[in-house]
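Written below as structure tokens is the structure these notes are about.
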Amino acid sequence: MTQKRTYGIFALTFLGATTKEVGEIGWIHDVKWAFNPGSRPERLFTPDLAPLVFSASDSDGLRLEVSPRMEGGHLPGVLIPTTLRGDLKLSENGSVHFSTRVSQEALEQAGFTPGVWLEASFALECTMSDQPTLEEQTEAQIQAELGAEPLFPSEAAPAAPDVLDGPPLTDTGAPPTLTLDPKADGEDLPFPIDAEGAD
């Protein structure tokens, strides 16, 4: 059985872009891409990796790596959030085409103008959300310090479920309770004890 991929970054070929203003969102760029069939193996998209792209899209895990070209070389890549628009489509020549949306605000925050589509090389970074969030990791650490079973074993991240609806829940048992020792003879407590209400 093939292990499920949870991360990939795939080289892209820019095909075209449409810029428009969308209500409260503001100016956006709908960009058409093809996965580059001639890329090196670690950045090559194959059809069996389509579930990774869709899973990353569902969990806001898609980023465009934008590497501006300069004097025959490339500047370091910058990651920009993007969203998938529609499906992946197989073209007549066998390449896989698709579209993503990028906000003008995201471009500007990265220091780019819309002209970057013609002045850079691109890749699509896909990260599937099967790792515990920072909040979940903190909660797991607190539970471990209190003696409860950890939510996620420290030696391995939780495996991605077959149905992508979040990690399985783990029963951690009842939360720990705090007990006070009874007052010893001659000991003063900083607060009064209601003898009538005590068990």
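Just so it is clear, none of the values below were taken in a lab; they were calculated from the coordinates. These numbers were taken from a predicted model, which means no experiment stands behind them. Here the Cβ is made from the backbone with ideal geometry for all residues, glycine too, and neighbour counts use every protein chain on show.
Applying 0.36 nm per residue to the separation of GLU21 and LEU118 and subtracting their alpha-carbon distance, the gain on full extension is 32.8 nm. When peptides 52-65, 113-126, 13-26, 71-84 are ranked by their average number of other Cβ atoms within 10 Å per residue, the highest-first order is 52-65, 113-126, 71-84, 13-26.
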